[in-house]
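*Asks:* There's a structure below that I have some questions on.
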Amino acid sequence: MKKLINVELKNGNYQVIIESNLLKNIEDYIDLSQRYFIVTDDNVAAYYLETLTSQLKNFDYIVLANGEAAKSFSNLQMILEKLLELNYERTDQIIALGGGVIGDIAGLAASLYMRGIAYINIPTSSLAQIDASVGGKVAIDLAGVKNVIGDFYNSSQVLIDPALTASLSKEHYQAGLVEALKIGLTSNSKLVSMLEADAEYNLIVNQAIRTKLSIVKEDEMDLGLRNILNFGHTFGHALEVKYNLIHGEAVFYGMYYDDISSDIKNILDKFKEKFDYKREFATDGLMDLMINDKKVSKDMCSLIKLDKVGAGTVARYPLAYLKEKL
Ligand SMILES: NC(=O)c1ccc[n+]([C@@H]2O[C@H](COP(=O)([O-])OP(=O)(O)OC[C@H]3O[C@@H](n4cnc5c(N)ncnc54)[C@H](O)[C@@H]3O)[C@@H](O)[C@H]2O)c1
Ligand SMILES: [Zn+2]
């Protein structure tokens, strides 16, 4: 069943549509008289590029090698040069067809080209459908620091086709559910219950996005409340970089290192079993990586304080607190 969310923000309005098999009927959602530049990766292209291009009339595309390394300056430059070479104009649009990596780099390119052209996000991974595709954050990585070059730039439309996740690996599918768990634990107990009960995937996506948007609306520029969505991410990003873990799995382990109560720890332990996350890792070297992170300064850091499901807050701690936890 089609779900439509109208997003009204200070920085612009857009629509999020959630509907299975939407990609196969793209003409119902986008204007076919427009010129589109598609950004995708090799995995996603193999499954879905043809489904999209066979319906468009005027388009070009670029296929990046999949993985976090794609969020690079050189790829950003390559996209921008292609747009220029092919004479893309301000009224043309970018389509991001892929996971969070593609949404982030395509969105950043869209925000920069000619001071900003419209971009449509078609997220294909569970992580991107549940979390990354809404909220307007776009970025690339630099010198091993994640998302350090970026912007706030909303897409003109987010078109979510839950059926696309059928081709996703189990580990990536689950990694997306971790972001839903993050949103639920900090801000919406109903979402946690849905995850515990293995609710239908499209209902989880709908619930997660609505919850995230209600937080984003209060703090579009990420200056306060929105920081609670960083739950698990301070340690998670460091783990992700050091051990080359996939984002969602790293964030899961990272949640144990925020300031959580024993009740929350028990809930995490249950999900640990459910997701079959068993990794053990050494924590040396993580501190330096965290100091590079935007959330940690020289002597203080922001962590999430979470005593009760749905009631996360952001708090400042001396760095010594973090060191002790490690
Ligand atoms: N902008 C934001 O608000 C925000 C929020 C959370 C995460 N992120 C970013 O998102 C990225 C992680 O997202 P991700 O996990 O989607 O990573 P990803 O884009 O690398 O996708 C994961 C893997 O799944 C493959 N894939 C994607 N969709 C597929 C499909 N339908 N079928 C088969 N394979 C498919 C990709 O090729 C890739 O190998 C990180 O860079 C993170 O920083 C951004
Ligand atoms: Zn995340």
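The values are calculated or read from the model by the stated rules, or taken from the named source; none is laboratory data. Computed from a predicted structure; not experimentally measured. We place every Cβ from the backbone using ideal geometry, glycine too, and count neighbours over all the protein chains shown.
*Asks:* Would you point out which residue out of Ile130, Ile94, Ile79 is more than 8 Å from ligand 1 (Cβ to nearest atom), in contact (Cβ under 8 Å) with a residue 60 or more places away in the chain and of a type in the set (A, V, I, L, M, F, W, C)?
*Replies:* Selected residue: Ile130, the only one of Ile130, Ile94, Ile79 that is more than 8 Å from ligand 1 (Cβ to nearest atom), in contact (Cβ under 8 Å) with a residue 60 or more places away in the chain and of a type in the set (A, V, I, L, M, F, W, C).
*Asks:* Going by the conditions given, is Asn244 free of Cβ contacts under 8 Å to residues at least 24 places away in the same chain, at positive phi and away from ligand 2 (no atom under 15 Å from the Cβ)?
*Replies:* On the way: free of Cβ contacts under 8 Å to residues at least 24 places away in the same chain: yes; at positive phi: yes; away from ligand 2 (no atom under 15 Å from the Cβ): yes.
It is true that Asn244 is free of Cβ contacts under 8 Å to residues at least 24 places away in the same chain, at positive phi and away from ligand 2 (no atom under 15 Å from the Cβ).
Rundown of residues vs (1) in the same structural domain as Val39 (by TED's automatic domain parsing); (2) without any contact (Cβ under 8 Å) to a residue 60 or more places away in the chain; (3) away from ligand 1 (no atom under 15 Å from the Cβ), yes/no style:
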| site | (1), (2), (3) |
| --- | --- |
| Ala139 | yes, no, no |
| Tyr153 | yes, yes, no |
| Ser156 | yes, no, yes |
| Asp161 | yes, no, no |
| Leu177 | no, no, no |
| Leu185 | no, no, yes |
| Ile204 | no, no, yes |
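*Asks:* Any idea which of (1) within 13 Å of ligand 1 (Cβ to nearest atom); (2) at pLDDT 95 or above; (3) not aliphatic (A, V, I, L, M) is the one Glu68 doesn't satisfy?
*Replies:* So the condition that Glu68 fails would be (2).
*Asks:* Within the range 95-113, does at least one residue satisfy the condition of being among the β-branched types (Val, Ile, Thr), over 17 Å from Ile62 (Cα atoms) and crowded, with 20+ Cβ neighbours inside 10 Å?
*Replies:* no
*Asks:* So which residues in the range 110-127 are among the β-branched types (Val, Ile, Thr) and touching a residue at least 60 places away in the same chain (Cβ under 8 Å), if there are any at all?
*Replies:* Restricting attention to the range 110-127, the residues satisfying the condition of being among the β-branched types (Val, Ile, Thr) are 117, 120, 122, 124.
Result: Ile120, Ile122, Thr124.
*Asks:* For Gln77, all conditions in the list (1) in a helix (DSSP H, G or I); (2) more than 16 Å from ligand 2 (Cβ to nearest atom); (3) closer than 24 Å to Pro162 by Cβ hold save one; what is the number of the exception?
*Replies:* (3)
*Asks:* Out of all the residues in the range 31-45, is one or more among the hydroxyl-bearing types (Ser, Thr, Tyr), more than 23 Å from Pro162 (Cα to Cα) and outside the structural domain of Leu195 (by TED's automatic domain parsing)?
*Replies:* yes
*Asks:* What pairs can you find where one residue is in the range 273-294 and farther than 12 Å from Tyr253 by Cα, the other is modelled with pLDDT of 85 or more and hydrophobic (A, V, I, L, M, F, W, C), and their Cβ atoms are less than 6 Å apart, with a gap of 6+ or different chains?
*Replies:* Going by the 6 Å Cβ cut-off, the qualifying pairs are Leu286/Ala238; Leu289/Ala238; Leu289/Val241; Met290/Ala238.
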